[in-house]
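To start, the structure itself, in structure tokens.
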Amino acid sequence: MLKQQLPALIRKEFLLEFRQRSTLAGIAVYIIATVFISALSFKQKIHPIVWNALFWVIFTFITVNVSGKSFVQETKGKALYNYLYYGAREFILGKIVYNMILMAVLSLFTFFFYGWFVGNIVQDMGLFMLVLLFSSTAFSGVLSLMSAIASKSGNNMSLMAILSFPVLMPLLLVSIKVSKNAIDGLAWSVSYNYLLILVMLNFVVITLATLLFNYLWRE
Amino acid sequence: MIKWWKILSVLIILYTLVWGLLNPVPKLAILHESIRNVYFHVPIWFAMLFQMGYSVVFAVKHLYKNDMRSDLISDQAAQTGLFLSIPGLLTGCMWAKFTWGTWWTFEDPKLNGVAIAVLIYLAYFILRSSITDELKRARISAVYNIFAFVMMFVFIMILPRLTDSLHPGNGNNPAFGKYDLDNSMRTVFYPAVIGWVLLSLWILDVKKRLATLKYNSEND
């Protein structure tokens, strides 16, 4: 069941997204505008710690904004249809995988413009990319479940932020720590422990989201 | 009817208040007499964590059994836990002012962990208040409760690896546990933990009864 449904669900998400290209374009403009504002407000080379913190703050806001939408389109009728045709596990995994791909792409996009406008100071590109990848997967796990919760409760964006920020904290702090190591170009052996924590967090988050979504889903 | 453990909790806390201020304590640098805060500050946090754990257990129970009683207990336990964080924070801040010279610092993982815990439970109550249908509210808040508790737990476990703690017992700071068995302090500390946990259970018991009465009067 998982093997048949999952690809179909992911394909469905992409199709829906590309049918409404204005949403994707909106996100792109949002990212560029945010990065441009930060570049203009500094107007000079900034300290690595500030660079790092600002990047992750921007990243957090973008991901919360993007994934907040992932359950908005589920109207009553559509939800019933999904409920009848798909399993809960398949459905949430479809959302998570879709969000993972989307966020990995968006994080690269953000990094590209951030590096261009504000200046790229990352010394160890490989490590930085790895952190970006791991954190976007974990973020998408947390945020898919949070957006499902927020959509069940009146569905406003502020609730989405209130629910997600405290829960994202552990992820964010570890990511900031490793990406600081990547910026300073430290040896990989320094970061092994943190990368391990990130992978473990991914595992915990996705397992929990899959288990718990089963209960959100029934109405 | 007053149960025996309620009387016990009051007696124990009275005992820790009196003997905690009178008993001899080891003279340690930095801490001095402020080490006595360990009888009040630490047990209050233990009681809070106990209540949060209690809340999660009943959230899981609600998801399994789908009964409103578990949801009510889970909600009330979370409220009790959040309430206990107020004296926990106040005793901590006062102590920090006299030993570290500041009310609050972002350098300490335990302080950050607590701040996150408080934020998570505030978010939990906002989520609860934003849903009107009570069955739906019970289920959704139980899901958030479980997810948030696990993340909080992970946070508390990994944070100390990220920054060194200023708390006694961490980062070369003196604490009573390190100076192997100061038995005189243990005679106060362990009872204090039991006493505060029992007191928190008493608070929960009263809140539970009040909430049940309210629930029944609204649903008649």
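The residues of the stretch B:187-213 that are among the aliphatic types (A, V, I, L, M) and touching a helix residue (DSSP H, G or I) at 6+ places or on another chain (Cβ under 9 Å), listed by number, are B:V188, B:A192, B:V193, B:I194, B:V197, B:L198, B:L199, B:L201, B:I203, B:L204, B:L210, B:A211.
Looking for something at pLDDT below 80, surrounded by 20 or more Cβ atoms within 10 Å (Cβ to Cβ) and more than 9 Å from chain A (Cβ to nearest Cβ) - is there at least one such residue anywhere in the stretch B:136-147? No: zero hits. Every listed requirement among (1) surrounded by 17 or more Cβ atoms within 10 Å (Cβ to Cβ); (2) away from every other protein chain (no Cβ under 14 Å); (3) more than 20 Å from the chain's Cα centre (by Cα) is met by B:H62 save one, (2).
Could you say whether any residue in the stretch A:67-75 is among the hydrophobic types (A, V, I, L, M, F, W, C) and farther than 30 Å from A:L208 by Cβ? There is no residue in the stretch A:67-75 that is among the hydrophobic types (A, V, I, L, M, F, W, C) and farther than 30 Å from A:L208 by Cβ. Number of residues in the stretch A:37-58 that are under 25 Å from the mean Cα position of the chain (by Cα) and of a type in the set (D, E, K, R) equals 0. Checking each residue in the stretch B:43-88 for being of a type in the set (F, W, Y) and under 29 Å from B:R186 (Cα atoms) picks out B:W45, B:F46, B:F50, B:Y54, B:F83. Taken as a whole, the condition of being under 28 Å from A:A33 (Cα atoms), within 14 Å of chain B (Cβ to nearest Cβ) and crowded, with 21+ Cβ neighbours inside 10 Å does not apply to A:S153. Considering only residues that are more than 18 Å from B:H62 (Cβ to Cβ) and surrounded by fewer than 20 Cβ atoms within 10 Å (Cβ to Cβ), which ones fall in the stretch B:114-128? If the condition is that a residue be more than 18 Å from B:H62 (Cβ to Cβ) and surrounded by fewer than 20 Cβ atoms within 10 Å (Cβ to Cβ), then B:V114, B:A115, B:V118, B:L119, B:L122, B:I126 are the ones that fit. Beta carbons closer than 7 Å, at least 6 apart along the sequence or on distinct chains, pair a first residue in the stretch A:126-142 that is more than 13 Å from A:L102 (Cα to Cα) with a second that is hydroxyl-bearing (S, T, Y) and assigned to a helix (DSSP H, G or I) for A:L127/A:S191; A:F128/A:S179; A:V131/A:S175; A:V131/A:S179; A:V142/A:S164. Only a single criterion out of (1) of a type in the set (A, V, I, L, M, F, W, C); (2) at pLDDT 90 or above; (3) surrounded by fewer than 21 Cβ atoms within 10 Å (Cβ to Cβ); (4) within 30 Å of A:I206 (Cα to Cα) is not satisfied by B:F153, namely (2). The residues in the stretch A:166-204 that are more than 17 Å from A:D124 (Cβ to Cβ), within 16 Å of the chain's Cα centre (by Cα) and either without any contact (Cβ under 8 Å) to a residue 12 or more places away in the chain or at the interface with another protein chain (Cβ under 8 Å from one of its Cβ atoms) (or both) can be counted, and the count is 8. Does at least one position in the stretch A:72-91 carry a residue that is under 18 Å from the mean Cα position of the chain (by Cα) and within 24 Å of A:S38 (Cα to Cα)? No - not one qualifying residue is present in the stretch A:72-91.
Taking the stretch A:1-73 and the helices (runs of 4 or more DSSP H) fully enclosed by it, the elements with 1 or more residues that are touching a residue at least 60 places away in the same chain (Cβ under 8 Å) and within 30 Å of A:D184 (Cβ to Cβ) are at A:21-42, A:48-68. In the stretch B:114-135, what count of residues is obtained for those that are at the interface with chain A (Cβ under 7 Å from one of its Cβ atoms) and not in a helix (DSSP H, G or I)? Qualifying residue count for the region: 1. For A:N181, the requirement of being in a helix (DSSP H, G or I) and either within 20 Å of B:V143 (Cβ to Cβ) or of a type in the set (A, V, I, L, M, F, W, C) (or both) is not met.
The values are calculated or read from the model by the stated rules, or taken from the named source; none is laboratory data. Because the structure is predicted, anything quoted here is derived from the model rather than measured. Glycine also receives a Cβ, built like all others from the backbone with ideal geometry; neighbour counts cover every protein chain displayed.
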